[in-house]
Amino acid sequence: MKLASLKHGRDGMLVVVSRDLSRCVAVPHIAHTLQQVMDDWAHTAPRLMRVYDLLNEGPVAGEKAFRPSECDSPLPRAYQWADGSAYVTHVELVRKARGAEMPPSFWSDPLMYQGGSDSFLGPTDPILAADEAWGIDFEAEIAVITDDVPMGTAASDAEHHIKLLMLVNDVSLRNLIPGELSKNFGFFQSKPASAFSPVAITPDELSEAWSGGRAHLPLHIELNGTRFGDPNAGEDMTFSFPQLIAHAAKTRALVAGSIIGSGTVSNKDRSRGSACLAERRTLEQIEHGAPKTPFMKFGDRVKIEMLDPDGRSLFGAIDQKVKRYER
């Protein structure tokens, strides 16, 4: 099943989207927003699935063309946005460039931070920044949306709490990060609003590619129309989504509509490219003694997409330009 939120007020208007991403239909008789769906998944999901099946079979009353440019984030705002760092080889690489040792615990205990969830970007909304000197970077990731997760849920029990998946551009302002981390209190100014894919999909849409709580497909990233990377999201993912959920729920319950991110997708096979500028710059630092690739400038464009084995877009594309913010 594929769901989206068209731009409408603060929380969007829920639509069911056809598998080929060509058509959609609003379902106010079931739910007005995706958060309403998440709050009552057991009852709303089967009804939405029936609409989805009809939409894939042929025309339905009230349908319209589906346009990502009309989309907000599937959840325009959420009760929880917690982003992990499941690709430990990425963390290891960044620390190596700084000459820092990698604590052994990083391989057994996930890193995670709590991001701002009060306002997300739609998939084609601009990345706003007041200054290029902030070091504007994209981070291509996968995320899941959960139902209610009780505190203390074990990883072995967490997968059935995963109801939907999305793509993420977790925007980072790299040159603001060192100053914030030096205070030993985490990210804030360096992590502006994240953007999510046009649609959120149920795990079964990935078929065999969804296995072990991981999405085993390449994530395609383009920068200004040129291939930047195609890392496989399932390969080298040290911590699965069930493990990340269990980590997040260790001392607190997660409410329905919580979003858990994978962190920047990264592979040991560097020929597949990278999913963020920071990783490419780190590789250049190690190989050449200094980074060569600049951070994003005003007017730069990033595109993030995942295709099925037949080359069809699964989530639609995150397609954003960097724009100067003027108050």
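Listed values, structure above:
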quantity	calculated
Scan of region 10-48 for residues that are open to solvent by 60 Å² or more (accessible area, probe 1.4 Å) and under 15 Å from A200 (Cα atoms), ordered by number	M13, R19, D20, Q36
Residue pairs meeting the criteria (Cβ under 7 Å; at least 6 apart or on separate chains; first in a loop (DSSP other than H, G, I, E, B), in region 262-274; second charged (D, E, K, R) and surrounded by 24 or more Cβ atoms within 10 Å (Cβ to Cβ))	S262/E141; G263/D83; G263/E141; T264/E139; T264/E141; T264/E279; V265/E141; S266/E279
Matching helices (runs of 4 or more DSSP H) fully within region 1-115 where at least 2 residues are acidic (D, E)	41-57
Residue among I162, I201 that alone is open to solvent by 10 Å² or more (accessible area, probe 1.4 Å), within 17 Å of the chain's Cα centre (by Cα) and under 25 Å from D72 (Cα atoms)	I162
Subset of region 233-256 that is among the polar types (S, T, N, Q) and out of contact with any helix residue (DSSP H, G or I) (no Cβ under 7 Å at 6 or more places or on another chain) - its residue that is most open to solvent (accessible area, probe 1.4 Å)	T251
Members of region 167-205 that are touching a Gly at 6+ places or on another chain (Cβ under 9 Å), of a type in the set (G, A, S) and outside any strand (DSSP E or B)	S190, A193, S194, S197
Residue within region 134-146 that is among the hydroxyl-bearing types (S, T, Y), modelled with pLDDT of 95 or more, in contact with a strand residue (DSSP E or B) (Cβ under 9 Å, 6 or more places away or on another chain) and surrounded by fewer than 23 Cβ atoms within 10 Å (Cβ to Cβ) present	no
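The values are calculated or read from the model by the stated rules, or taken from the named source; none is laboratory data. This structure is a prediction, so every number in the text was calculated from the model and none was measured. Glycine gets a Cβ as well: all are built from the backbone with ideal geometry, and neighbour counts include every protein chain shown. Areas reflect the complete protein model, heavy atoms only, side chains present, ligands, DNA and RNA absent. Shrake-Rupley method; radii C 1.70, N 1.55, O 1.52, S 1.80 Å.
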